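K.L.:
I have a structure here, written as structure tokens, and I will follow up with some questions on it.
Derivation of every value follows stated rules applied to the coordinates shown; laboratory data play no part. None of these values were measured; they are calculated from a predicted model. Every residue, glycine as well, gets a Cβ built from its backbone with ideal geometry; the counts of neighbours run over all protein chains shown.
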Amino acid sequence: MKRLTVTLSALVFMFAMTVIAIADDIPTPTKLDGVRIATSDELKALIGQKDVYIFDMRKALNYGKGHLKGSVSLPFKWTVENEDPGKRRGEFDLSKLPQDKNAKIIFHSDGPHGWKSYYAAKISKEAGYKNVMWYRDGFDDWSKKGYPVEH
């Protein structure tokens, strides 16, 4: 009986991990109400400009491996996992965003499958920020294009 319990537990765990992996293969939407989607070239032109804030929503470990110049690590943490990314819930430290709700803020994560930046942009817009941009293509695209990365 103990062996059966261990086997069932292993199967449940493997199923859960498969569901999460499948969910990570679901691309983010191509639109987000009230949020402008930035291209790689637009973002490259904005880096270093005054009053432009770029937030990297990936885990701190990934940020440490390489990030966009001048970006700030602001890890997004899931509070509710779900196989349907539209039903996931998460949070980040909103107090790290600029006080000025008119400031240009840009969020990114891994790429088109990076739901963390999608939700960060959505939450920020709902919090009253008026100039929110989402770099949907994310760090993966940035790296593939050979654009500058800091370590």
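K.L.:
I'd like to verify a number: residues in the range 125-151 that are closer than 16 Å to ILE54 by Cα, aliphatic (A, V, I, L, M) and in a loop (DSSP other than H, G, I, E, B), how many?
P.N.:
0
K.L.:
Going through the range 61-75 one residue at a time, which ones are in a strand (DSSP E or B), hydrophobic (A, V, I, L, M, F, W, C) and surrounded by fewer than 20 Cβ atoms within 10 Å (Cβ to Cβ)?
P.N.:
VAL72 - this is the single residue of the range 61-75 that is in a strand (DSSP E or B), hydrophobic (A, V, I, L, M, F, W, C) and surrounded by fewer than 20 Cβ atoms within 10 Å (Cβ to Cβ).
K.L.:
Return the residue satisfying two criteria in turn: it lies in the range 125-144 and is acidic (Asp, Glu) and touching a helix residue (DSSP H, G or I) at 6+ places or on another chain (Cβ under 9 Å), and of such residues it is surrounded by the fewest Cβ atoms within 10 Å (Cβ to Cβ).
P.N.:
This residue is ASP141.
K.L.:
Would you pick out the residues in the range 29-60 that are crowded, with 19+ Cβ neighbours inside 10 Å and assigned to a loop (DSSP other than H, G, I, E, B)?
P.N.:
Within the range 29-60, ALA38, MET57, ARG58 qualify.
K.L.:
Then there's this: Does the range 73-91 hold any residues that are out of contact with any helix residue (DSSP H, G or I) (no Cβ under 6 Å at 6 or more places or on another chain) and either among the charged types (D, E, K, R) or in contact (Cβ under 8 Å) with a residue 12 or more places away in the chain (or both), and which are they?
P.N.:
Matches in the range 73-91: LYS77, TRP78, THR79, GLU81, ASN82, ASP84, LYS87, ARG88, ARG89, GLU91.
K.L.:
Let me ask you something else. Which residues, taken from the range 72-126, are among the hydroxyl-bearing types (Ser, Thr, Tyr) and under 13 Å from the mean Cα position of the chain (by Cα)?
P.N.:
Residues satisfying the conditions are SER73, SER109, SER117, TYR118, TYR119, SER124.
K.L.:
Output the residues belonging to the range 76-115 that are surrounded by fewer than 20 Cβ atoms within 10 Å (Cβ to Cβ) and in a strand (DSSP E or B).
P.N.:
Hits for the range 76-115 are LYS77, TRP78, THR79, VAL80, ARG89, GLY90, GLU91.
K.L.:
Also, I was wondering about something else. Between TYR118, TYR135, which is of a type in the set (Ser, Thr, Tyr) and farther than 20 Å from GLU150 by Cα?
P.N.:
Only one candidate passes the filter, namely TYR118.
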